[in-house]
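Working notes, beginning with the structure itself.
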Amino acid sequence: MLTTKVTLGKTDFTATASIRNHSLILDEPLAGGGQDKGPTAMETVCAALGACTVTTIKMYLNHKQWQTEGITAEVSHSKDEAGKNIFKRIIEVRGAFDAEQKSRILAIANKCPVHKTLETGNTIETTLI
């Protein structure tokens, strides 16, 4: 089981996430009442999708022994008229790949665990103590 602990102290909106032996500051922008000390929670979700995407692609390229000069995933978030979340990814895999390889790389990108988590229904169980 993966666990992240997020703590908010006396400063409005500035939270610290503890993940294994790492910490990450999350905040709201100045316009949202925060101090802009870190990304927002939704920006972090976008970063998680991007990181998972490039990592999953790189693992596949390593397995196939296909060479790349780098991989970039730009992820944006919006909502449609019904309030449904829309994540848009622009993926660039630099290297000499033919159409068939690119098609396979795209299919692999869509199998990254964060992608699969975001596109399926989820259950959130909450306990207030």
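Some notes on this structure:
- The listed residues are E74, E119, and the only one of them that is at negative phi and in contact (Cβ under 8 Å) with a residue 24 or more places away in the chain turns out to be E74.
- When residues of the stretch 30-85 are limited to those that are acidic (D, E) and under 17 Å from the mean Cα position of the chain (by Cα), the one surrounded by the most Cβ atoms within 10 Å (Cβ to Cβ): E43
- Criterion applied to K116, K102, K88, K111 was being within 19 Å of the chain's Cα centre (by Cα), over 30 Å from T11 (Cα atoms), among the charged types (D, E, K, R) and in a helix (DSSP H, G or I), and the one residue passing it is K116.
- In the stretch 97-129, the residues that are among the aliphatic types (A, V, I, L, M) and either surrounded by 15 or more Cβ atoms within 10 Å (Cβ to Cβ) or modelled with pLDDT of 95 or more (or both): A99, I105, L106, A107, I108, A109, V114, L118, I129
- The set of residues in the stretch 8-31 being in contact (Cβ under 8 Å) with a residue 12 or more places away in the chain, touching a strand residue (DSSP E or B) at 6+ places or on another chain (Cβ under 9 Å) and not small (G, A, S) consists of F13, T14, I19, L24, I25, L26, D27.
The values are calculated or read from the model by the stated rules, or taken from the named source; none is laboratory data. Bear in mind that the values here come from a model prediction, so they are computed numbers and not experimental data. Here Cβ is always computed from backbone atoms with ideal geometry, including for glycine, and neighbour counts include all displayed protein chains.
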